[in-house]
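Quick notes on the structure that follows.
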Amino acid sequence: MKNKCLALIAALLVCALLPAQVSAGAESAEAADITESCTVKTSGGKFKVSRLWDRQYRTAWVSDKIRRPWIEVTAPEEACGVYVAFGDKLRPWQVQAKRGEKWETVYESAGEYAHEYAPLDGVKTFRILYPEDRQTELSVSEIWVFGAGSVPGWVQMWEPPCEKADLMVLSAHPDDEILFFGGAIPWYAGEMGLRVQVAYMTCNTFERRSELLDGLWLAGVRNYPVIGDFWDKYSKKIETAYDAWGKKKTDQAIVRLLRQFRPEVLLTHDVNGEYGHGAHKVCADAAQRCFLSAADGGVYPDLGEPWQVKKLYLHLYPENPIEMDWDRPMASFDGKTGYETAAEMYRKHVSQQDAGQKNDRGVFERFQVEPRESRFSCYRFGLACSTVGEDSGIGEFFENIPGFEYLQSGVSVVQ
């Protein structure tokens, strides 16, 4: 009898605990994408609304030019979040939930990020809109509507750009930071947990903007990049590139970046433009000049407080050479190396997978993350400017910079 009572008590305890355990498991499950089962209405637009979930960044739904354009979504179940990839222009936006016959604002954004997630409190009908009372177009490339559960890890919830950066990566175009700098971003941002600020001089389409954001997020970057508005014009000559951008305007842009983010280390392109691109040459040339200008309060005094970068590394620079080890397994990436992660980053640049250039023999070669043995190896750099002396050859960008000695061990500080 005593054993039966004990068994009954145990069974009751199991039954009492089971709902809590099931509930906890349900809460921890990843939220499902329920977009395709939603009903979508709009304030009127130029293209089919199916562009909103075709999962191709190159297409976007664009509203008519009206006051307060909107997209209305009705979900088959309670929606707990919506993730939006915007198209052409970024402006302040809102999410409003329908409560009875009224619309209630449940999320407001300053419109600073091209990809943004808005949590929803289990609503079934909501709308995305530009609230400004002026004629404008709402352009959205993709939306994802999620049901109950945890937000998937690939959904980007960006933090503002760094207040103070450890490393700044200056890239002429989206994908250059991968092809030529290899594992630098995943190693220092994702594995070592440093504050890495990425800045692009050009980005001519919203498609490429979305691709670069996907690549950076995969690499562990959480601070939103700076995306410049210089127009990309291919040239072999640095003079032609400067004519397109303006030498003074280029210097001002880079000095402003260095003074705003105050990096210890700046990393950018090859003086020869890797395969000869004029915009790459400009980045390398101007960075050397701005290394000095940013620290001089008498130069562009209206662009912020002077800041002295400690070290400037240029890709393939022959003086004070350094070879980085992007082949170390990274715990934060399940043992993948920096080079392997860079290759995954580049695959996020879908529009560039068939891009390339002719080699010296006139043979077309697709772009790739340049391997160690390549003449454009993403492993090789040189210390072009330094206030802390030359490197000793250990292969560490932060060598000789106080406070970063631990990096020489290669042990991650990310918990």
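Nothing in this text is a laboratory measurement; each read-out follows from the coordinates by a stated rule. No experiment lies behind these values; they were computed from the predicted model shown. All Cβ positions, even for glycine, are placed from backbone atoms using ideal geometry, and neighbour counts span all protein chains on display.
When you filter the chymotrypsin sites (Phe, Trp or Tyr not before Pro) in the range 111-196 for DSSP loop state and at most 12 other Cβ atoms inside 10 Å of their Cβ, you are left with W154. P(r) tail, the range 174-326: Cα-Cα pairs separated by more than 24 Å, 32% of all pairs. Residue-normalised convex hull volume from the C-alpha trace of the range 31-163: 115 Å³ per residue. If you model the range 290-380 as an ellipsoid using its alpha carbon gyration tensor, with each semi-axis the square root of five times an eigenvalue, the axes come out at 32, 20, 16 Å, biggest first. Restriction of the trypsin sites (Lys or Arg not before Pro) in the range 225-312 to DSSP coil positions whose beta-carbon has at most 16 other beta-carbons within 10 angstrom yields K233, K236, K237. Give, as ranges by residue number, the residues of the range 91-128 whose backbone N falls under 13 Å from the point 7 Å along Cα→Cβ of R68. Only 94-97, 102-105, 127-128 pass the distance filter. Using every pair of separate Cα atoms, the Kirkwood estimate puts the hydrodynamic radius of the range 257-329 at 13.4 angstrom.
Less than 5 angstrom separates the built amide H of T42 from those of E72, all sequence-distant by 5 or more or on a different chain.
Extension gain, E373-A148: 0.36 nm per intervening residue step, less the Cα-Cα distance, totals 76.2 nm. The helix-based estimate of mean residue ellipticity at 222 nm for the chain, built from -39,500 (n - 2.57) per DSSP H run of four or more residues and divided by its residue count, is -7000 deg cm²/dmol to the nearest 500.
Among DSSP bridges having both ends in the chain, what percentage is antiparallel? Round to the nearest 5. Bridges in the chain that DSSP calls antiparallel: roughly 75 percent.
As a ratio to 2.2 N^0.38 Å, the alpha-carbon radius of gyration computed for the range 164-226 takes the value 1.00. A simple spin-label model places the labels of K48 and T240 4.1 nm from each other, with each point 7 Å out along Cα-to-Cβ. Within the chain, helices built from complete DSSP H runs that reach 15 Å or longer along their own axis (Cα positions) and carry a mean Kyte-Doolittle hydropathy of 0.0 or higher are 2-28, 278-293.
One chain, two ends: K249 and E104. Fully extended at 0.36 nm per residue, the span grows by 47.8 nm beyond their Cα-Cα distance.
Calculate log10 I(q)/I(0) of the chain for q = 0.07, 0.09, 0.10, 0.13 Å⁻¹, where I(q) comes from the Debye formula with a single equal point scatterer on each Cα and nothing for solvent. Taking Cα atoms of the chain as identical point scatterers yields -0.41, -0.64, -0.77, -1.14. Taken one residue at a time, the phi angles of the range 175-184 give Karplus couplings (6.51, -1.76, 1.60, θ = phi - 60°) of 4, 4, 5, 9, 4, 10, 9, x, x, 4 Hz. Gly and Pro are set to x.
Ranked by the mean number of other Cβ atoms within 10 Å of their residues, highest first, the peptides 36-45, 341-350 fall in the order 341-350, 36-45.
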